[in-house]
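Data block below; observations after.
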């Protein structure tokens, strides 16, 4: 195999692996972190996928999102979700 | 008023607005305790076609702290569910309501009762009953001609073993000269001494003719006490329980077009009540909604409002020359802190205590070892000692629990005016007026006779014929 071709392949492979790595690093950086979970009453069918789910951005500067369904509440740090939601405010 | 419309936000949400809490050893069965928790202030009896009812989306709770830590050990939770038999009529009823199953009764409400042992939201819960009927509101001679029979049927359904539950409309049993008090602290019988004076006059019952919605329960003492045993030593701290009540709503609500409402998330407390008139009179307006959101175990944060109540400063200003000794008080009001936040320790009054420990919490404290002194609530007249509870020498009266006839306005007015400050400050001489303050000449105490048996609060005023005069 010519040196140039080998080089291109390896470069392509390098670029591919680098891209995956970057994505992984990015995913790690943006991984949602659950800060607090609350459930203060027994509620029927909290696993029901049709149960209304309410989310609001409590503090965008801290990346804090509150998600509620049933009688459960999760406060998460999820900057990526906030970024995606923010796109809708620009429509 | 006691706790009617006492905070800016809850005043806009009447079905969750706790108005009064009563708790007393039952006069008909001293092995039991009766607790009454009222909601919906100044409920107009003629409020059709959508008459008042409990909120299906509200969690109503009554909490018992039996070890003095300010945290509930037993909780009773009530949830309501409304059904409509015929959604195609605008009417509450389409004919006389002769029974709780009458087809003519369109809009009905049922409720469930859950008992929780441990913290109210995470403890061990047991469903005591479900689908208990709440009687209809009292409309008039054509719609609810046999109202007492409807209530009797609801009471029978709510009797679960040795416990009784009732949830429904009642006469407002709390009496107060509301219009006068909030006109710059005027007490009509003393208004000739007011800064803006007018001739003295009898007070008025400004809650006359209004209704409330009551959650009532009668349970064995052993359901509530820490030991589960009946108690007989009034000076034993374990004889005293703390009681408070609350209403909670779901954290999130979304109103969609078309009228659909979505609610989600954990329960959030929006109203609470232990002793009467605390959030109403002691907490400043900027703290009232916050106070409602807080748990009693954190009430030490409000102690400054007990130690230096605004009313203590106002009385000498509004009634010049009448309260010279009150005006001279410079030390914290340890009497108010004891009576309202920790209970009164044994030793001050023989055979009597409401002390639950050092934890400061606004709870209505009830000594289970003190037997009832009044068996017929309607027999209490204006000049009786019982009306003034412990100030009148009645050990079974407020602030040892609270009975419907206890004149908590006069009692708390007098206490804030320094009537018992000498108990904690022996050199203090109460002003002559402190022991005589009253908002009205209460004869009768309430415009409608209290019942002689559970749930003790009178049948509601009917929409067709009632009077606020």
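Starting from residues that are over 22 Å from residue B:57 (Cβ atoms) and in a strand (DSSP E or B), keep the ones in the range B:106-125 and report whichever is nearest to the other protein chains (Cβ to nearest Cβ).
To start, the set of residues in the range B:106-125 that are over 22 Å from residue B:57 (Cβ atoms) comprises B:117-119, B:123-124.
Okay, now just the ones that are also in a strand (DSSP E or B), so B:117, B:124.
Values: B:117: 14, B:124: 11 Å.
If we take residues in the range B:106-125 being over 22 Å from residue B:57 (Cβ atoms) and in a strand (DSSP E or B), then B:124 is nearest to the other protein chains (Cβ to nearest Cβ).
Of the residues that make up the range A:21-36, is at least one within 14 Å of chain B (Cβ to nearest Cβ) and either surrounded by 10 or more Cβ atoms within 10 Å (Cβ to Cβ) or at pLDDT 75 or above (or both)? Spell out the reasoning first.
Kept after step one, since they are within 14 Å of chain B (Cβ to nearest Cβ), are these residues of the range A:21-36: A:36.
Remaining after also requiring either surrounded by 10 or more Cβ atoms within 10 Å (Cβ to Cβ) or at pLDDT 75 or above (or both): A:36.
Yes: one or more hits.
When you scan the range B:379-393, how many residues do you find that are touching a residue at least 12 places away in the same chain (Cβ under 8 Å), surrounded by fewer than 22 Cβ atoms within 10 Å (Cβ to Cβ) and part of a loop (DSSP other than H, G, I, E, B)?
2
Consider the range B:418-462. How many of its residues are in a loop (DSSP other than H, G, I, E, B) and either over 27 Å from residue B:217 (Cβ atoms) or free of Cβ contacts under 8 Å to residues at least 40 places away in the same chain (or both)?
Going through the range B:418-462 one residue at a time, the tally reaches 19.
Is there a residue in the range B:162-180 that is surrounded by fewer than 23 Cβ atoms within 10 Å (Cβ to Cβ) and closer than 12 Å to residue B:319 by Cβ?
Within the range B:162-180, not a single residue is surrounded by fewer than 23 Cβ atoms within 10 Å (Cβ to Cβ) and closer than 12 Å to residue B:319 by Cβ.
Can you say whether residue B:424 is surrounded by 20 or more Cβ atoms within 10 Å (Cβ to Cβ) and touching a helix residue (DSSP H, G or I) at 6+ places or on another chain (Cβ under 9 Å), as far as the supplied structure shows? Don't jump to the end; show me each part of the working.
Numbers: surrounded by 20 or more Cβ atoms within 10 Å (Cβ to Cβ): no; touching a helix residue (DSSP H, G or I) at 6+ places or on another chain (Cβ under 9 Å): yes.
It is false that residue B:424 is surrounded by 20 or more Cβ atoms within 10 Å (Cβ to Cβ) and touching a helix residue (DSSP H, G or I) at 6+ places or on another chain (Cβ under 9 Å).
If I ask for residues that are surrounded by 15 or more Cβ atoms within 10 Å (Cβ to Cβ) and assigned to a loop (DSSP other than H, G, I, E, B), which ones from the range B:92-105 would you list?
Initially, the range B:92-105 is screened for residues surrounded by 15 or more Cβ atoms within 10 Å (Cβ to Cβ), giving B:92-94, B:96-98, B:100, B:102, B:104-105.
B:92, B:94, B:96, B:97, B:98, B:100, B:102, B:104, listed by residue number.
So residue B:256 fits all but one of (1) farther than 29 Å from residue B:161 by Cβ; (2) touching a helix residue (DSSP H, G or I) at 6+ places or on another chain (Cβ under 6 Å); (3) exposed (fewer than 15 other Cβ atoms within 10 Å of the Cβ); what number is the exception?
Looking at each condition in turn, residue B:256 falls short on (2).
For the range B:188-213, give me each residue that is surrounded by 24 or more Cβ atoms within 10 Å (Cβ to Cβ) and at pLDDT 95 or above.
Residues satisfying the conditions are B:211, B:212, B:213.
List the number of the failed condition for residue B:28; all other conditions in (1) crowded, with 17+ Cβ neighbours inside 10 Å; (2) modelled with pLDDT of 95 or more; (3) more than 14 Å from chain A (Cβ to nearest Cβ) hold.
Answer for residue B:28: the failing condition is (1).
Kindly indicate which of B:189, B:199 is over 24 Å from the mean Cα position of the chain (by Cα) and under 21 Å from residue B:405 (Cα atoms).
So the residue among B:189, B:199 that is over 24 Å from the mean Cα position of the chain (by Cα) and under 21 Å from residue B:405 (Cα atoms) is B:189.
The values are calculated or read from the model by the stated rules, or taken from the named source; none is laboratory data. Computed from a prediction, not measured in an experiment: that's the story for all the values here. Note that each Cβ is placed from the backbone with ideal geometry, even for glycine, and that neighbours are counted across all protein chains shown.
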